[in-house]
Amino acid sequence: MPSGKIHNALTLATLSGVLAPYLIVQFGANPYLYASGILLGTLISPDLDIDSGNISDTMIRKVSRPAQIVWRVAWQPYGWIVPHRHPISHFPFLGTVLRIGYIFGIINAILLILNLFFDSVSFIWIWNWSFFFGLAHADLVHWAVDNTVKGKDTFEGE
């Protein structure tokens, strides 16, 4: 299986290549939200289910070690629930919806706790399909690379 660096490089290459501009023009997606979804998709990847960490951990640790610890703790239950490379996490669109649902679950748990101490804490989420399809695009590239790129050199730096 390819490394996280290879996944991210190929995902970003498709952003600037032919696929993303075609989809944006063909389906009228907002290019900024679509690109934001692809970029965030490099962090919220199907490989969040790896117990030993992944490329997201490395990228966040470079910015802030405490943020990386919070990130890892937040995603650890996901890794316990979903075995690595399971179709539910790696299959395009299905894995995207699963991780978005997981994020909403964490947000709702935090809001539930905050509501115990403060009056009417609410969360407003403005959903946008362009952003979702950017995330799904990153997942599709991840899945395609996992199923086509082979070789022992690709195992490092997951």
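Where a number appears in this text, it was derived from the coordinates with a stated rule and is not lab data. Just so we're clear, the structure is a prediction, and the values are computed from it rather than from any experiment. Reconstructed Cβ throughout: ideal geometry from the backbone, glycine too, with neighbour counts over all protein chains shown.
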Part-to-part distance (alpha-carbon centres) for the range 74-90 and the range 29-66, which is given in Å: 15
Local electrostatic count, residue 67, Cβ distance below 15 Å [Lys/Arg +1, Asp/Glu -1]: +3
